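What follows is one structure encoded as structure tokens, with my remarks underneath.
Only the coordinates and a few stated rules stand behind these numbers; no lab work does. The structure presented is a predicted model; accordingly, all values stated were derived computationally and were not measured. Here Cβ is always computed from backbone atoms with ideal geometry, including for glycine, and neighbour counts include all displayed protein chains.
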Amino acid sequence: MSAPPLFAARRLAGVDEAGRGPLAGPVVAAAVILHPDRAIAGLADSKALSAAARTALSRLIMARASAWSVAWADAAEIDALNILVASMLAMRRAVERLGIAPDHVCVDGNRCPRLVNGCTVEAVVGGDARVPAISAASILAKTWRDAWMERLELHHPGYGFARHKGYPTAAHRAALERLGPCAAHRRSFGPVARLLGGGPQ
């Protein structure tokens, strides 16, 4: 049975992930416990914010939150486990890396990771727009993953990772056809698997 509604917990951690849909790179999760006396104006679903706003807010979150952490599952783990299980793994890792143990965890979406620290957990559909701690986690996950993909561009030039962040845009698909998959690509995802001689997964 989940804890009483959302905002009643003394130490509420919000959790969200970024990067389920791309063909390359990790899925990144963040967990955030906001400080009750250090408000952060402008928290919202990361998808509703500009890149500049996300960057500015991510700095405030890291400076003002009671605790925050970022974790991930890489492309090899995604291929081995499937993207849903890998996303749950990344979220569990993020919660476990918090410097403060939460009393209750709110996860964006309709599924929850299995946690081993004894706290209660609940899924909140649309939580990245409704629960400030989840909004903060959404922003951290997105900004960290975007920065990761920009670094991948330096190691694997030609794919355009800095622009499309690994999502299956027309430009990314064209680069895949031209160059073939690189080490950062998720080999279990249909467009990549087909190039490697497999079917859609």
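With no solvent and one point on each alpha carbon, what is the Debye value of log10 I(q)/I(0) for the range 1-139 at q = 0.14, 0.20 Å⁻¹?
For the range 1-139 at q = 0.14, 0.20 Å⁻¹, log10 I(q)/I(0) is -0.57, -1.17.
Any chance you could check the Cα centroid distance between the range 133-153 and the range 179-199 for me, in angstrom?
24
Non-local amide H neighbours of C182 (under 5 Å, H modeled in plane, Pro and chain starts lacking H): which ones?
Those qualifying (amide H under 5 Å, at least 5 residues apart or on another chain) number zero.
Compactness ratio of the range 62-131: Cα Rg over 2.2 N^0.38 Å, N = residue count?
1.14
Only Lys, Arg, Asp and Glu count, each charged at its Cβ (+1, +1, -1, -1), so figure out the dipole size of the chain about its Cα centre, rounded to 20 debye.
Once rounded to the nearest 20, the dipole reads 180 debye.
What helices does the chain have that are whole DSSP H segments, at least 18 Å long along their own axis by Cα, and with mean Kyte-Doolittle hydropathy of 1.0 or more?
Those that clear 18 Å and a mean of 1.0 are 83-96.
May I ask you to order 90-97, 140-147 by the average number of other C-beta atoms within 10 Å around their residues, highest value first?
140-147, 90-97
In Å, what is the Rg of the alpha-carbon atoms in the range 92-196, and how long is Dmax?
Gyration radius and largest Cα-Cα distance of the range 92-196: 17.5, 50 Å.
Going by Cα centres, the range 89-114 and the range 56-81 are how many Å apart?
The range 89-114 and the range 56-81 have Cα centres separated by 11 Å.
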